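S.K.: Before anything else, here's the structure in question.
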Amino acid sequence: MKTIIEPFRIKSVEPFRLTTRSQREAALRDAHHNLFLLRAEDVMIDLLTDSGTGAMSARQWAALMTGDESYAGCSSFYELEQVVRDLTGYRHVFPVHQGRAAERILFTLLVDRTKAVPNNSHFDTTRANIEYLGGSAHDFPVPQARDLGRPAPFKGDMDLDALRAFLDAATPGSVPLGMMTITNNRMGGQPVSLQNLRAVAAEYHGRGIPFFLDAARFAENAWLVRQREAGQQHRPLRDIVREVFELADGCLISAKKDGLVNIGGILALDDDALAERARELLILTEGFPTYGGLAGRDLAALAQGLREVLDENYLAYREASARYLADALDRLGVPTVRPCGLHAVYIDARAMLPHIPPSELPGQALCCELYRVGGIRAVEIGTLMFGRTDPRTGAAVPAEADLVRLCLPRRVYTQSHVDWVVEAFAEVMAGRERLRGLRITHEPRFLRAFTARLAPLACGTPEPAS
Ligand SMILES: *Cc1c(COP(=O)(O)O)cnc(C)c1O
């Protein structure tokens, strides 16, 4: 048999409301054409993010009942600690309420105004936590990552020459840690090769710089290493995962992704002195070290999630679902970022809607239309999210690309849900010349994509001067 099927059946269902186009048009107006402002109950297929949106297994739900809620020394902590030690090899394991709490603790210990942190690409919160402390965050993605349609296998890799040049030029002591994000979320969830990770580790360690992984999607990365990297095909996944973690000195994990839970995170590391200081900060802002801002039941569900995520049938299904969607969009002529990773499919909205200039937010126009047509919520990763105003000239600077991301929550939607999404794209493609852009009518000072208000530009109306 060749068909890759969901390696699970459904025990508990969560109905959603089927809405009409006119209901959706009203909801979109009420949300000021910003899908973050929609009520989730007005969304049918929610592809906004894969973070904390997955379905737990029956065993995870059972673990919620048996979780130990003791304030100190709960058995659920020791269970989680053992699972994380077995996966990573790191001795010190700290639970935190989500990934960014781990970032804040680690960076508070290492980063200040004189410090710089290199990474293949910093995730938004990682960068923000470094910059909040006055440090600078530097991204060195490989050049092929910017070539959206080019099917290179490891577009998440670090540009080694750029990293070396950066480290050569850095003043001694100014780089307190070096990072790698697996998979590379900012670069479309593209994987990082083992070969690249080894070279980066050697580069950091050769200069005495501690190496930390931002490892939210460590299982998906290991799966793609085994699928795509020469010589890895016959290796047990657990071995690949272990080698990856052993190359580094510690990791930050948002458990809302490959932890298969709705909330949670982990900071794990080897250095005793650093761990001692992390423990102090953890108690200050998260909680006692054996619960770290989570309930005992959350720790138990996370331990079980980490046991399940390396199941090869699960990862094969996850890859097949992303590829199924990407291939169907390809057949419709929708330009997607290639190759697709595991957690999302990205659409090049600028290429799909060439008549809408970046200043009129083609990605957001596509998101709004997908919602109108199919009640689908996607997210714009483009000029609405990353465009800015030049402080000197006052001119609007568009983002490098205008992408739309369709994230796939883990174990949540079935193939007919994906068929619905594909049918919505067919309808959008058929009428795409008629789509118009948007303008921003209310712009907050920070992170505008989350709360900005927008209005559609009417046919043939010139853009009003702002
Ligand atoms: C989600 C994510 C984070 C932040 O984690 P939260 O749990 O959302 O706080 C950090 N890095 C990467 C790569 C992520 O995907």
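S.K.: What residues qualify as long-range amide H neighbours of VAL117, i.e. H under 5 Å apart, gap of 5 or more or another chain, H built at 1.01 Å from N?
M.R.: Close amide H contacts, sequence-distant or interchain: SER136, ALA137, HIS138.
S.K.: What accessible area per residue, rounded to a whole number of Å², is obtained for the chain using a probe radius of 1.4 Å?
M.R.: Details: 20560 Å² over 466 residues.
With all protein chains present, the chain gives 44 Å² per residue.
S.K.: At 222 nm, what helix-only mean residue ellipticity would the chain give, in deg cm²/dmol to the nearest 500, using -39500 (n - 2.57) for each DSSP H run of four or more?
M.R.: On the way: 17 runs with 187 residues, N = 466.
Helix contribution divided over all residues of the chain: -12000 deg cm²/dmol.
S.K.: Set Lys and Arg Cβ to +1 and Asp and Glu Cβ to -1, take the dipole of the chain about its Cα centre, and tell me which of ALA145, SER51, GLY363 lies farthest positive.
M.R.: Most positive-ward Cα: GLY363.
S.K.: Taking θ = phi - 60°, what integer Hz values does the Karplus form 6.51 cos²θ - 1.76 cosθ + 1.60 yield along segment 237-244, in sequence order, with x for Gly and Pro?
M.R.: Going residue by residue, I get 4, 4, 5, 5, 4, 4, 4, 4 Hz, with x marking Gly and Pro.
S.K.: I've got another one for you. If I ignore ligands, DNA and RNA and count only protein heavy atoms, how much of ARG242 is accessible to a 1.4 Å probe, in Å² to the nearest 10?
M.R.: 80
S.K.: Using only Cα atoms, what is the ratio of the radius of gyration of segment 340-434 to 2.2 N^0.38 Å?
M.R.: Working: Rg = 14.6 Å, N = 95, 2.2 N^0.38 = 12.4 Å.
Ratio of Cα Rg to 2.2 N^0.38 Å: 1.17.
S.K.: Give me the net charge for the shell around GLU69: Cβ to Cβ below 12 angstrom, other residues only, Lys and Arg +1, Asp and Glu -1. It would help to have the intermediate numbers written out before the result.
M.R.: On the way: positive: ARG297; negative: ASP68, ASP298.
Taking every other residue near GLU69 into account, the sum is -1.
S.K.: Spelling out what I want: for every residue of segment 321-338, take phi, set θ = phi - 60°, compute 6.51 cos²θ - 1.76 cosθ + 1.60 (Karplus), and round to whole Hz; glycine and proline get x.
M.R.: 5, 5, 5, 4, 5, 4, 5, 5, 5, 3, 5, 7, x, 7, x, 10, 6, 10
S.K.: Kindly write out, for segment 12-28 in residue order, the coupling ³J(HN,Hα) from the Karplus curve 6.51 cos²θ - 1.76 cosθ + 1.60 (θ = phi - 60°), rounded to whole Hz, with x marking Gly and Pro.
M.R.: Taking θ as phi minus 60°, the curve returns 9, 10, 10, x, 10, 7, 7, 9, 9, 4, 5, 4, 6, 4, 5, 5, 5 Hz for segment 12-28.
S.K.: Work the Kirkwood hydrodynamic radius out for segment 284-338: mean of 1/r over every pair of different alpha-carbon atoms, inverted, in Å. Mind dumping the intermediate values first?
M.R.: Working: mean 1/r = 0.0689 Å⁻¹.
So the Kirkwood estimate lands at 14.5 Å.
S.K.: So what is the relative contact order for the chain, in percent, with contacts set as C-alpha pairs under 8 Å and at least six apart? Walk me through the numbers before you get to the answer.
M.R.: Working: 913 pairs, mean separation 102.7, N = 466.
Relative contact order for the chain comes out at 22 percent.
S.K.: Rounded, prolate or oblate: pick one for segment 136-295, where a ≥ b ≥ c are the square roots of the eigenvalues of its C-alpha gyration tensor, a/c under 1.5 means rounded, and failing that, prolate if a/b is larger than b/c, else oblate. Don't jump to the answer; show the numbers that get you there.
M.R.: On the way: a/c = 1.80, a/b = 1.24, b/c = 1.45.
Cα axes put segment 136-295 in the oblate bin.
S.K.: Another question, then. Counting other Cβ atoms within 10 Å of each Cβ, which trypsin sites (Lys or Arg not before Pro) in segment 379-413 have at most 16 and sit in a DSSP loop? Display every interim value, and only then the final one.
M.R.: Values: sites: ARG388, ARG392, ARG405, ARG410, ARG411; in loops: ARG392, ARG410, ARG411.
Of the trypsin sites (Lys or Arg not before Pro), the ones in loops of segment 379-413 whose Cβ has at most 16 other Cβ atoms within 10 Å are ARG392.
S.K.: If you don't mind, there's one more thing I want to ask. For the ranges 2-9, 380-387, what's the packing order if you count other beta-carbon atoms within 10 Å of each residue, average per peptide, and put the highest first?
M.R.: Numbers: 2-9: 10.5, 380-387: 23.1.
The most tightly packed comes first, giving 380-387, 2-9.
S.K.: Sorted by packing (mean other beta-carbon atoms within 10 Å per residue), highest first, where do 418-424, 233-239 land?
M.R.: The peptides rank, most packed first, as 418-424, 233-239.
S.K.: Same structure again: Taking only the alpha-carbon positions of segment 1-111 and ignoring solvent, what does the Debye formula give for the base-10 log of I(q)/I(0) at q = 0.16, 0.17, 0.18 Å⁻¹?
M.R.: Taking Cα atoms of segment 1-111 as identical point scatterers yields -1.05, -1.08, -1.11.
S.K.: Among 25-32, 300-307, 12-19, 128-135, how do they line up from the highest to the lowest mean number of other beta-carbon atoms within 10 Å?
M.R.: 300-307, 128-135, 25-32, 12-19
S.K.: What is the set of long-range amide H partners of ASP214 at a cut-off below 5 Å, with H atoms built 1.01 Å from backbone N?
M.R.: Correct list: MET180, THR181, ILE182, LEU252.
S.K.: Antiparallel DSSP bridges in the chain: what percent, to the nearest 5?
M.R.: Numbers: 27 of 40 bridges.
Percent antiparallel among DSSP bridges in the chain is about 70.
S.K.: Taking the DSSP beta bridges in segment 58-308 as the whole, what percent of them are antiparallel, to the nearest 5? Write down the numbers at each step before the final one.
M.R.: Values: 12 of 23 bridges.
Percentage antiparallel, nearest 5: 50.
S.K.: Say the dipole of the chain comes from +1 at the beta carbon of Lys and Arg and -1 at that of Asp and Glu; which of PHE450, VAL83, LEU274 then lies farthest toward its positive end?
M.R.: In the chain, that residue is PHE450.
S.K.: Can you give the relative contact order of segment 58-308 as a percent, counting alpha carbon pairs under 8 Å and 6+ residues apart? Display every interim value, and only then the final one.
M.R.: Details: 502 pairs, mean separation 80.1, N = 251.
So the answer I get is 32 percent.
S.K.: Ok, one more. Once you list every other residue whose beta carbon is under 12 Å from the beta carbon of GLY99, what net charge do they have if Lys and Arg are +1 and Asp and Glu are -1?
M.R.: Around GLY99, the charge tally is +1.
S.K.: Rounded to the nearest 20 Debye, what is the dipole magnitude of segment 7-146 about its Cα centre when Lys and Arg each give +1 and Asp and Glu each give -1 at the C-beta?
M.R.: Working: 16 positive and 17 negative charges, 58 e Å.
Roughly 280 debye, rounded to the nearest 20.
S.K.: A further question on this structure: With +1 on the Cβ of every Lys and Arg and -1 on the Cβ of every Asp and Glu, and nothing else charged, how large is the dipole of the chain about its Cα centre, in debye rounded to the nearest 20? Kindly include the intermediate steps, with their values, before the conclusion.
M.R.: Values: 54 positive and 58 negative charges, 176 e Å.
In debye, rounded to 20, the chain gives about 840.
S.K.: Show the residues, 5+ positions off or on another chain, whose built amide H is closer than 5 Å to the amide H of VAL397.
M.R.: It is ARG388, THR389, ASP390, by chain and number.
S.K.: Solvent-accessible area of GLU103, probe 1.4 Å, all protein chains present, reported in Å² to the nearest ten, please.
M.R.: 10
S.K.: Within the chain, what whole-number % of the accessible surface is contributed by carbon and sulfur, with the 1.4 Å probe and all protein chains included in the calculation?
M.R.: Working: 10810 of 20560 Å².
Whole-percent figure for carbon plus sulfur exposure: 53.
S.K.: Let me ask another. Within a Cβ distance under 11 Å of VAL422, other residues only, what is the Lys/Arg minus Asp/Glu net charge?
M.R.: On the way: positive: ARG331; negative: ASP327, ASP330, ASP419, GLU423, GLU427.
Around VAL422, the charge tally is -4.
S.K.: Shifting gears a bit: About its Cα centre, how strong a charge dipole does segment 58-308 have in debye, to the nearest 20, once Lys and Arg get +1 and Asp and Glu get -1 at the Cβ? It would help to have the intermediate numbers written out before the result.
M.R.: Details: 27 positive and 32 negative charges, 111 e Å.
Dipole about the Cα centre, nearest 20: 540 debye.
S.K.: Would you rank SER416, SER57, SER70, SER76 by solvent-accessible area, highest first, keeping every protein chain in place and using a 1.4 Å probe? Intermediate results must be reported in sequence, preceding the final value.
M.R.: Working: SER416 75, SER57 25, SER70 55, SER76 5 Å².
Listed by decreasing accessible area, they come as SER416, SER70, SER57, SER76.
S.K.: Looking at LEU408, ALA378, LEU197, which one has the Cα that reaches farthest to the positive end of the dipole of the chain (charges on Cβ: Lys, Arg +1; Asp, Glu -1)?
M.R.: The Cα lying farthest towards the positive end belongs to ALA378.
S.K.: Which three semi-axes in whole Å describe the equivalent ellipsoid of the chain, each the square root of 5 times a Cα gyration tensor eigenvalue, listed largest first? Don't skip to the answer; put the middle values down first.
M.R.: Values: eigenvalues 249, 146, 99 Å².
Gyration-tensor ellipsoid for the chain: 35, 27, 22 Å.
The values are calculated or read from the model by the stated rules, or taken from the named source; none is laboratory data. Given the structure is predicted, the values throughout are model-derived calculations rather than measurements. We place every Cβ from the backbone using ideal geometry, glycine too, and count neighbours over all the protein chains shown. Only protein heavy atoms, including side chains, enter the accessible area calculation; ligands, DNA and RNA are left aside. Shrake-Rupley method; radii C 1.70, N 1.55, O 1.52, S 1.80 Å.
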